[in-house]
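Derivation of every value follows stated rules applied to the coordinates shown; laboratory data play no part. In this text, all values refer to a predicted model and were calculated from it rather than measured experimentally. Positions of Cβ are backbone-derived with ideal geometry, glycine not excepted, and every protein chain shown enters the neighbour counts.
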Amino acid sequence: MGLPKDLSLAGIRFIDGEKESELKDTIIKSVGHCLFISGSNPRSVLFSTYYYLKLHGAEWLWPGEDGEFLPSIKKARTDGFEIEENRFI
């Protein structure tokens, strides 16, 4: 998890030829057996993480533990993700 510029230190490039200001705010990508979650700014990384968890059935209905639905997941899926989109405009 991190900003694209941070993950580029690990050799991960999300977008070729785009300016940093044009980055998508939600980036979830599978590379081999690894999953990378990123976004255009730190808040977008957090929301990208929430989106990934929602894809696995997590829900936050209201503040507090009573409003959380966090299913037990034996093995989270990390393959087949190619999400780059602006979800929070």
Subject >> Per-pair calculated FRET efficiency, R0 = 35 Å: residue 33 and residue 69 via Cβ, rounded to 0.05 >> reply: 0.80
Subject >> In order through segment 47-57: 3J(HN,Hα) via Karplus (6.51 cos²θ - 1.76 cosθ + 1.60), integer Hz, x for Gly, Pro >> reply: 5, 5, 5, 4, 4, 4, 5, 5, 5, 9, x
Original post:
Can you list the HN-Hα couplings for segment 61-70, worked out from phi with the Karplus curve (6.51, -1.76, 1.60; θ = phi - 60°), rounded to whole Hz and with x for Gly and Pro?
Top reply: 8, 7, x, x, 4, 5, x, 9, 10, 10
Original post:
Roughly how many nanometres apart are two label points built 7 Å out from the Cα toward the Cβ at residue 8 and residue 60?
Top reply: 2.9 nm
**OP:** Can you tell me the alpha carbon radius of gyration of segment 33-78 divided by the globular rule-of-thumb value 2.2 N^0.38 Å?
**Re:** 1.27
